[in-house]
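Scroll down for the structure; my scribbles are underneath it.
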Amino acid sequence: MIKASHLSKIYRNDSVATVALDDVSFEIKKGEFVAIMGPSGSGKSTLMHIIGALDIPTSGTYLLDGEEVGKLSEDELADIRNRKIGFVFQAYNLLPRTTALKNIILPMVYAGIPKEEREKRAADLLEMVGLGDRLQSTSSQLSGGQQQRVAIARSLANNPSIILADEPTGNLATAQGEEIMEIFQELNEKGHTVIMITHESYIAEHARRIIHLKDGKVVEDNGNHKQRRVNHNN
């Protein structure tokens, strides 16, 4: 599904060049649950922007479903983001005075999905994340954990190939964060590919594979660590 080969990203400001990613390579297969973690300045946010087709690398190639993202136009990048990637952000990014139902419907409007279908799908998604009784609640009437549940439901609105979560528990208390991670695990068990950016090791442990970044480089790729632990417990 995802193949990154020798990715580098350099930001230039006048005569100063800052290397955010330095020769990064990895593959992510369909159905994986991968955490990308590292300290501040490690390059994980830059990598997330490239994976999410929000930015393109300075050099190297990034293939998404066999398509080289770096060669696409702005319109084509926007189309990929709308069709193939569901985003979940730390700050939720919901419209505050809009109902939970309408927050989820909005991306489907842009995708041209018929009205009746998008309303039913939005209601079903809210039910799936445990908010079937809050369809008409505005974002400002929901707790942080509930807002993140709405954001997860919204990320699934257009049935994307990938769920890309950027520090999804960063604004939540530990108990709420654990509930959110359980939802991601359930989605992964249903076949969704989940890629999560985090700097918290206890959050990364919920994934089945952890890619560690430091100074723009992959320093460790701990594949299938959760599977080994599960097998050991069994």
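The values are calculated or read from the model by the stated rules, or taken from the named source; none is laboratory data. Every value quoted in this text rests on a predicted model; they were computed, and no experiment measured them. So basically every Cβ, Gly included, is an ideal-geometry build from the backbone, and we count neighbours across all protein chains shown.
Figures for the structure shown
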{"item": "Qualifying position, being over 23 Å from L94 (Cα atoms), in contact with a strand residue (DSSP E or B) (Cβ under 7 Å, 6 or more places away or on another chain) and surrounded by 15 or more Cβ atoms within 10 Å (Cβ to Cβ), among A207, A165, A151", "result": "A207"}
{"item": "Top-ranked residue in region 32-71 [being assigned to a strand (DSSP E or B) and without any contact (Cβ under 8 Å) to a residue 60 or more places away in the chain; ranked as surrounded by the most Cβ atoms within 10 Å (Cβ to Cβ)]", "result": "G60"}
{"item": "Subset of region 39-58 [out of contact with any helix residue (DSSP H, G or I) (no Cβ under 9 Å at 6 or more places or on another chain) and farther than 29 Å from G144 by Cα]", "result": "T58"}
{"item": "In region 79-121, residue modelled with the highest pLDDT [restricted to those that are part of a loop (DSSP other than H, G, I, E, B) and among the β-branched types (V, I, T)]", "result": "T98"}
{"item": "Filter result for V109 (free of Cβ contacts under 8 Å to residues at least 60 places away in the same chain and exposed (fewer than 13 other Cβ atoms within 10 Å of the Cβ))", "result": "yes"}
{"item": "Strands (runs of 3 or more DSSP E) completely within region 145-234 that count 2 or more residues being acidic (D, E) and modelled with pLDDT of 90 or more", "result": "217-222"}
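Residues are listed down the side, and each one gets a yes or a no for (1) of a type in the set (D, E); (2) on the phi < 0 side of the Ramachandran plot; (3) free of Cβ contacts under 8 Å to residues at least 12 places away in the same chain:
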site: K120; (1), (2), (3): no, yes, yes
site: E127; (1), (2), (3): yes, yes, yes
site: R134; (1), (2), (3): no, yes, no
site: R154; (1), (2), (3): no, yes, no
